[in-house]
């Protein structure tokens, strides 16, 4: 088994879930640092969308957490 990392998003109805999908499959990262970088990039993109008026209430870092998962 290989250790990978997934990003969990807090949802009001389901709690912490992996909403990050790639081709319908859960998106996993090779390292915790890669997962953290993806969260940082996602938040920055959302903040830009909020500034343009395309989104309300961009997420913050507290809306995400990283979880270790065994793959294979």
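The numbers here are math on the coordinates, done by the rules we state, and not lab data. Predicted model only: the values in this text are computed from it and were never measured.
With n ≥ 4 as the cut-off for DSSP H runs, can you work out [θ] at 222 nm for the chain, using -39500 (n - 2.57) per run divided by the number of residues, rounded to the nearest 500? Could you put the intermediate results ahead of the total?
Working: 1 runs with 21 residues, N = 72.
The helix-only estimate for the chain comes to -10000 deg cm²/dmol at 222 nm.
In whole angstrom, how long is each semi-axis of the equivalent ellipsoid of the chain, when you take the square root of 5 times every eigenvalue of its Cα gyration tensor and sort them from largest down?
In descending order the semi-axes read 24, 13, 11 Å.
Expressed as an acute angle from 0 to 90° and rounded to the nearest 10, what is the orientation of the C-alpha long axis of helix 32-52 relative to the principal long axis of the chain?
Relative to the chain, helix 32-52 is tipped by roughly 20 degrees.
Contour minus end-to-end for residue 44 and residue 70, with contour as 0.36 nm per residue of separation and end-to-end as the Cα-Cα distance?
Working: separation 26, 0.36 × 26 = 9.36 nm, distance 2.88 nm.
Roughly 6.5 nm would be gained on extension.
If you average the sequence gap of Cα pairs under 8 Å that are 6 or more apart and divide by the length of the stretch 2-71, what percent do you get for the contact order? Could you put the intermediate results ahead of the total?
Details: 96 pairs, mean separation 30.7, N = 70.
Rounded, it is 44 percent for the stretch 2-71.
Multiplying the sequence separation of residue 34 and residue 2 by 0.36 nm and subtracting their Cα-Cα distance, what value in nm do you get? Walk me through the numbers before you get to the answer.
Numbers: separation 32, 0.36 × 32 = 11.52 nm, distance 1.56 nm.
Contour length minus Cα-Cα distance gives 10.0 nm.
Express in nm, to one decimal, how much length is gained between residue 52 and residue 25 on full extension, taking 0.36 nm for each residue of separation and deducting their alpha carbon distance.
Values: separation 27, 0.36 × 27 = 9.72 nm, distance 3.05 nm.
Gain in length upon complete extension: 6.7 nm.
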